[in-house]
1. Given the condition in a helix (DSSP H, G or I), charged (D, E, K, R) and under 30 Å from F414 (Cα atoms), answer yes or no: does some residue in segment 52-66 qualify?
2. Under 23 Å from E45 (Cα atoms), free of Cβ contacts under 8 Å to residues at least 40 places away in the same chain and not aromatic (F, W, Y), is that true of K256?
3. Looking only at residues that are free of Cβ contacts under 8 Å to residues at least 40 places away in the same chain and of a type in the set (S, T, Y) in segment 60-116, which one is surrounded by the most Cβ atoms within 10 Å (Cβ to Cβ)?
4. Spot the failing condition for E533; the list is (1) in a helix (DSSP H, G or I); (2) closer than 29 Å to L658 by Cβ, and only one is missed.
5. Would you check if there is a residue in segment 686-708 being hydroxyl-bearing (S, T, Y), surrounded by 13 or more Cβ atoms within 10 Å (Cβ to Cβ) and over 38 Å from the mean Cα position of the chain (by Cα)?
6. Between a residue in segment 520-531 that is on the phi < 0 side of the Ramachandran plot and any residue that is surrounded by fewer than 13 Cβ atoms within 10 Å (Cβ to Cβ), which pairs come within a Cβ distance under 7 Å, given they are 6 or more apart or on different chains?
7. From the residues in segment 117-144 that are assigned to a loop (DSSP other than H, G, I, E, B) and in contact with a Ser or Thr (Cβ under 8 Å, 6 or more places away or on another chain), which one is surrounded by the most Cβ atoms within 10 Å (Cβ to Cβ)?
8. All but one of (1) crowded, with 19+ Cβ neighbours inside 10 Å; (2) in contact with a Pro (Cβ under 7 Å, 6 or more places away or on another chain) hold for I534, so report the exception by its number.
Amino acid sequence: MEKIISKLWAKKKEENGQFKWLSLTQHLWDTQNIIVYLWDHWLSEAQRQIVIQSLAVPAPEIARNLARFLGAIHDNGKATPVFQVKKGYNHSPDLDAALIEKLELAGFTGISTLQLASPNESHHALAGERIIRQLGVKEDIASIIGAHHGKPVEHEERIAREVAFPRNYFQADSVDHPTAQKWLKAQEVILEWALNISDFKDVSALPEVSQAGQVILTGLLITADWIASNEQYFPLKSLTDEDIDWSNHRSQTAWKKWFKTYPIDLSNKTKDIYQSFENRFEFSPRNVQTEVLEIVDSVDEPGLFILEAPMGLGKTETALMGAEVLMDKTQRSGIFFGLPTQATSNGIFPRIEKWLTRLSEENKESVQIRLSHGKASLNESFAGLARNIDDDGEGQVFVNEWFAGRKTAALDDFVVGTVDQCLMLALKQKHLMLRHLGFSKKVVILDEVHAYDAYTNQYLSQALKWLAYYDVPVIVLSATLPAQTRVQLVDAYLWGKGSYLSKASKKQIQGDSYPLLTYIDGVKVEQFEAFEEIEDKRVQVKSLSDDQLDATLQSLLHLGAVVGVVVNTVKKAQELAADCVRQFGQDKVCLLHSSFIATDRAKLEADLIEMIGKDGQRPKGQIIIGTQVLEQSLDIDFDVLITDLAPMDLLIQRIGRLHRHLIPRPNGLEKPVTYVLGMGDSFDFDKGSSAVYGEYLLMRTQCLLPESINIPSDISPLVQQVYSDNDEITLDKDLEEKYLQAKQCFETELKIKKSKANTYLLSDPQFEDLHVGQQSLIGWLKGPSQDVSDEKSYAQVRDIQESIEIIAVRKLFEGYTFFGEDIDISHQIEEFTVGKRLANETIKLPMALTQRWNIDTTIEELEIYNKKYLANWQDQAWLRGKLGLIFDEEGECTLNGYRLKYDAFYGLMYEREEQSESI
């Protein structure tokens with residue numbers, strides 16, 4: 001490259017009085033080296049094939065060269081006056097002036113006095129896209145450059161509008177100006193250099209690439225750019241050092257620091273699935289597991305696998321062993337295991353770590369694992385793993401901290417997290433390409449997929465379309481899946497393969513056989529139902545009124561029962577617990593719900609598993625009260641279940657915690673019984689249940705709920721009846737009118753939710769039925785996509801109310817402490833261990849404080865409060881950006897018109913300040 005180009009800067013900062021910089025030339029060289037390393041050593045073969053097959057003329061070497069070209073050209077938009085006159089982030093006028101002087105001496109006369117009317121109109125990513133298009137690069141490749149900071153240009157007109165800002169590009173109003181010619185020449189030289197080192201003779205030799213390749217290459221480019229911009233790997237140079245390190249030694253040294261493991265190679269592992277299964281899990285596969293694994297192994301073009309089977313049948317082990325087979329078969333290099341909640345993710349993590357440890361030991365390859373949710377640091381298994389090891393070839397499971405960020409977590413090899421991580425594949429969000437890059441290298445497992453609402457189903461369906469578009473195998477596990485949801489999942493995946501589900505096929509796969517495997521081989525849909533018959537467990541179902549509850553609990557405790565009581569709201573759980581404490585004593589009552597400080601909840605869950613888990617020391621007579629966290633989070637076992645009425649699939653999930661294990665039961669409780677609260681002749685459901693689930697599904701469940709349920713044979717038929725469109729329910733005239741009104745509300749709500757989901761929903765993948773070169777990323781994230789927090793992202797994909805999480809501490813003298821402790825920590829905030837522990841003392845505020853009409857006021861009040869009382873938290877890395885509340889010695893405080901009280905037994909309670917009643 002010409003010497004004049006070496007005067008352009010890409011990065012700069014003043015550090016300890018020293019001027020540091022990195023020339024644009026050096027940064028482009030570094031980035032193109034790193035992107036090639038990523039292509040050769042980090043991508044899975046499946047991902048390389050996505051890019052190769054996305055070319056108009058597929059060719060491995062051309063695809064690799066294209067990746068190199070993108071790394072070499074990505075920051076060409078910095079070869080513009082509008083970028084070169086930018087001030088440094090750390091405000092160093094002397095450094096800015098010194099770099100401008102370099103440019104003046106290089107011939108860019110007048111740049112030191114340049115005044116630009118609209119400097120913010122030409123961000124360097126946008127400028128880079130426009131420049132190379134002006135120089136002949138087609139829209140498909142150019143749009144990748146425009147998107148390399150996380151969001152593509154929204155519309156073609158935005159690029160065309162840049163013609164109005166010639167001084168941003170050429171330092172003059174006319175390109176004929178001598179200085180403008182220097183800028184134009186610099187831009188041309190960078191393009192010529194990028195083409196030359198990538199073995200393209202000119203822009204006409206660049207390949208045409210479809211949308212799939214564009215998305216994956218953009219994610220790859222962003223990753224390469226972030227690595228090449230990290231000063232731990234690529235240090236800045238002294239301002240006097242203008243030499244370019246063309247030796248590759250700089251890049252090789254950086255790569256060795258960043259790169260920890262090659263994609264796991266399963267080609268050498270034992271091909272005996274059953275022996276591998278025993279090696280991983282220390283027991284022989286059962287019939288369902290054997291049949292499913294044989295099918296997974298036999299399919300030619302693996303796609304979607306939906307396994308519907310009862311609780312406790314080993315679906316997790318089946319999925320993990322199936323994932324091994326699919327990784328090898330489809331040349332993927334990891335898995336994503338998604339579950340409904342943080343608690344379920346935490347619960348499954350040790351099992352997946354154990355499986356992965358045995359897999360890595362057998363292959364003598366170390367592997368990276370990540371627990372991906374906001375409270376991952378609380379998980380002892382995850383926190384106890386080794387960090388950032390160098391692979392010794394012996395096989396070890398460890399954590400690579402480079403992937404700890406919100407935007408990089410999905411790039412890790414083996415990821416366990418909440419299902420939201422997968423749903424967000426379909427959420428318009430800045431840097432979405434990184435999520436697509438991460439998921440395209442994996443086999444995806446989605447566990448406990450039941451009846452999502454219409455809103456979330458939109459995101460799940462769209463995510464499946466994109467996973468199918470990349471040929472990603474997906475395993476869906478469910479104990480209670482409505483047939484219409486099964487059809488929707490299959491239809492979405494086929495759509496992503498460029499096919500569709502015919503009416504005849506839809507009807508064919510809507511049966512209620514159970515267990516059931518529905519799977520896609522290529523674009524062919526098959527089902528397998530010929531599993532060995534599973535012995536039924538008969539569960540008696542009895543209606544229980546609120547008036548009968550106390551007496552029933554009394555008699556059950558007298559028998560020595562462990563009674564599970566699952567209700568639909570936190571408030572009801574707290575009120576019920578208070579009643580039980582007054583009647584039976586606190587030692588006979590346990591309470592678990594989502595409104596505990598995270599550390600307290602983790603301890604409560606651990607204590608509960610130790611008490612009534614598979615190998616627990618079961619007490620004689622105990623009441624376990626909780627909300628939905630009991631139905632989906634914990635491997636616990638009740639002697640008797642009392643539950644609020646809920647939709648049939650969730651009711652069955654709760655019943656799955658009843659007589660779960662083969663253990664002795666107290667006399668008189670040998671047969672499982674479920675008592676259902678909230679059923680009445682007039683459909684008068686409590687407000688909490690109606691708000692959570694809607695009245696229509698509750699009505700159908702009540703009407704179709706039998707006096708006994710045979711588990712598992714009744715599971716699918718009961719779920720299908722409740723969720724079917726058939727009105728097989730006969731009611732009196734008054735109730736029929738109420739029922740039809742509820743149905744109309746339900747259907748209206750479905751339409752509203754589907755429409756609402758489209759606000760942030762990613763568009764469908766584009767296929768190659770049009771001319772490939774006409775496709776680009778322009779407009780891919782058009783609309784209200786933004787760089788939002790995890791909480792907002794989760795709220796958007798699940799249609800839940802946005803929440804506010806705070807760190808809770810208790811006042812102690814003039815300072816504060818952790819709840820349950822008496823050591824003042826207010827003067828120890830700068831200590832690493834204190835800050836890290838505080839960061840885990842989080843709790844979500846009640847919904848009453850985060851409604852759309854008062855959430856802004858709540859946030860504003862919290863921010864003012866924190867500036868006044870907790871300002872030093874912002875100087876602590878673990879606490880920066882967090883909001884806290886100091887509760888008084890009695891565990892109380894006020895916020896936005898509400899009185900909050902935290903109690904170690906009851907959790908967080910609240911009431912309006914004008915009210916005085918409290919538990």
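1. Here is the first cut: in segment 52-66, the ones in a helix (DSSP H, G or I) are 52-54, 60-66.
Of the ones still in play, those that are also charged (D, E, K, R) are 61, 64.
From the residues that got through so far, the ones that are under 30 Å from F414 (Cα atoms) too are 61, 64.
For segment 52-66, residues in a helix (DSSP H, G or I), charged (D, E, K, R) and under 30 Å from F414 (Cα atoms): present.
2. Taking the combined requirement at face value, the residue satisfies it.
3. Step by step, filter segment 60-116, then rank; the result is S112.
4. The failed condition is (1).
5. Filtering segment 686-708 for residues hydroxyl-bearing (S, T, Y) gives 689-690, 693, 696, 701, 708.
Pick out the ones that are also surrounded by 13 or more Cβ atoms within 10 Å (Cβ to Cβ) and you get 689-690, 693, 696, 701, 708.
Narrowing further to those that are over 38 Å from the mean Cα position of the chain (by Cα): 708.
Yes - at least one qualifying residue is present in segment 686-708.
6. D521/D300
7. Initially, segment 117-144 is screened for residues assigned to a loop (DSSP other than H, G, I, E, B), giving 117-118, 122-123, 135-138.
Adding the requirement that they be in contact with a Ser or Thr (Cβ under 8 Å, 6 or more places away or on another chain) leaves 122, 136.
Details: S122: 23, G136: 12.
Only one residue tops the list, namely S122.
8. (1)
The values are calculated or read from the model by the stated rules, or taken from the named source; none is laboratory data. In this text the structure is predicted, and so the values were computed from the model without any measurement. Backbone-built Cβ (ideal geometry, glycine too); neighbour counts: all protein chains shown.
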